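Engineer: Handing you this structure, nothing more for now.
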Amino acid sequence: MAAKQQRLTPPQAPAASKHKGKGKGKSGNPAARVYADVRPARFSDWVAGARIPTLPMSISPVLVGTGAAIAASDPGQYHWVRALLCLVVAVSLQIAVNYANDYSDGIRGTDRDRVGPFRLVGSGKATPKAVLTAALVFFGTAAVAGLVLTILTQQWWLLAVGALAIVAAWFYTGGKRPYGYLALGELFVFIFFGLVATLGTTFVQILALTQEAWLGAVGVGLISVATLIVNNIRDITQDRAAGKRTLTTFLGTVPSRVLYIVCLLAPFGIAVWIAVLYPIAWFALFALLAALPAAIIVATARTPKEYILALKLTGLTQLLYGIALFVAFWK
């Protein structure tokens, strides 16, 4: 214990903490008082804070939605510009919610003892204001791209959908009663990173929804839910201590492991169904090379590092699955 104390507050720290604590105390960063002498975040830290391994949650729905649009269009009539704008919206929202989560959990002190991906506020390397600003920049980027899509399609009701997506992203861990603390995170992830992202991508390109889009949306949505579940299983002890009521803290570790495996593997049944009409979809089964090891790891894991590896494999599964369905619909 003494060794840990010495590492966090070296002999030079008291004076520095007294001087810096005033500035950081105003920012509401609990970590600032403990890590007052930690060097400021570098670019690589900001990249880590964006949680790159989670980005397949936003990339895969756009791939599948675009593939479904191509399958329903005459050759040369689908809209690549709109597809790219959808990608900007989805990825920007994903990064924004990651920074917003870092900010909100950081000022609550929830991230002080995290064992998972790097946290900017929780580590004391960035002020809450800086992280909040980064989140707002990406929210703004998503909003601008969404506005351009609305103008191109002349579907003005899409503005309401975009606004709802931003509100949902913020209140995942933000506000006085964040729904991520009320065991509702998985439901909203399925809705927005599955149904809304995939179906929205298809709709803005062909102004219609197809069976392919619906099936693909459910598939990628379930894998996105699996991503959140494995993340929350890893953090279950810290979340319980911090009073963060996730679905995993409600169900417990073993039921959450079962739910993770079901959500991760069920989409392959959907891929087999799709393969009846689009034979190339059989290649989606190659994603099992990442999914099956992830399922085994989560079923037997005992350490945070194992869950982190499973999280990366889940992201790889999501990406491979999305690419396979995109190519299947395209061909």
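Engineer: So THR303 ticks every box in (1) within 21 Å of the chain's Cα centre (by Cα); (2) modelled with pLDDT under 95 but one. Which box is left unticked?
Structural biologist: The number of the failed condition is (1).
Engineer: Kindly check whether there is at least one residue in segment 249-258 that is at pLDDT below 95 and among the charged types (D, E, K, R). Spell out how you get there, then give the answer.
Structural biologist: As a first pass, look at segment 249-258 and keep what is at pLDDT below 95: 249-253.
Adding the requirement that they be among the charged types (D, E, K, R) leaves none.
No: zero hits.
Engineer: When PHE171 is evaluated against the numbered criteria (1) closer than 27 Å to VAL148 by Cα; (2) within 15 Å of the chain's Cα centre (by Cα); (3) at pLDDT 95 or above, which criterion, by number, is the only one it fails?
Structural biologist: (3)
So that you can scan it fast, the table gives a plain yes or no per residue for (1) of a type in the set (A, V, I, L, M, F, W, C); (2) closer than 24 Å to ALA301 by Cα; (3) in contact (Cβ under 8 Å) with a residue 40 or more places away in the chain:
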| site | (1), (2), (3) |
| --- | --- |
| LEU158 | yes, no, yes |
| VAL161 | yes, no, no |
| LYS176 | no, no, no |
| GLU186 | no, yes, yes |
| LEU222 | yes, yes, yes |
| ARG240 | no, yes, no |
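Engineer: Output the residue which, of all residues in segment 74-98 that are of a type outside the set (D, E, K, R) and out of contact with any helix residue (DSSP H, G or I) (no Cβ under 6 Å at 6 or more places or on another chain), is surrounded by the most Cβ atoms within 10 Å (Cβ to Cβ). Walk me through how you get there before you give the answer.
Structural biologist: Let us first name the residues in segment 74-98 that are of a type outside the set (D, E, K, R), namely 75-81, 83-98.
Of the ones still in play, those that are also out of contact with any helix residue (DSSP H, G or I) (no Cβ under 6 Å at 6 or more places or on another chain) are 75-77, 80-81, 84, 98.
Details: PRO75: 6, GLY76: 5, GLN77: 11, TRP80: 10, VAL81: 11, LEU84: 13, ASN98: 22.
Taking the candidates together, the pick is ASN98.
Engineer: Look at THR202 and say whether it is surrounded by 22 or more Cβ atoms within 10 Å (Cβ to Cβ), touching a residue at least 60 places away in the same chain (Cβ under 8 Å), polar (S, T, N, Q) and not in a helix (DSSP H, G or I). Quick ask: steps written out before the conclusion?
Structural biologist: Details: surrounded by 22 or more Cβ atoms within 10 Å (Cβ to Cβ): yes; touching a residue at least 60 places away in the same chain (Cβ under 8 Å): yes; polar (S, T, N, Q): yes; not in a helix (DSSP H, G or I): no.
No; evaluated as a whole, the condition is false for this residue.
Engineer: While we're on this one: Residue check, ALA299 against (1) surrounded by fewer than 18 Cβ atoms within 10 Å (Cβ to Cβ); (2) under 20 Å from ILE52 (Cβ atoms), all met but one. Which one?
Structural biologist: (2)
Engineer: Could I ask something else about it? Keeping to segment 254-281, report how many residues are exposed (fewer than 15 other Cβ atoms within 10 Å of the Cβ) and either among the β-branched types (Val, Ile, Thr) or free of Cβ contacts under 8 Å to residues at least 12 places away in the same chain (or both).
Structural biologist: 8
Engineer: Name the residues in segment 164-185 that are crowded, with 22+ Cβ neighbours inside 10 Å, in a helix (DSSP H, G or I) and of a type outside the set (Gly, Ala, Ser), would you?
Structural biologist: Result: TYR181, single match.
The values are calculated or read from the model by the stated rules, or taken from the named source; none is laboratory data. A quick note: this is a predicted structure, and the numbers were derived from the prediction, not measured. Quick reminder, even Gly has a Cβ in these numbers, built from the backbone with ideal geometry, and neighbours come from all protein chains shown.
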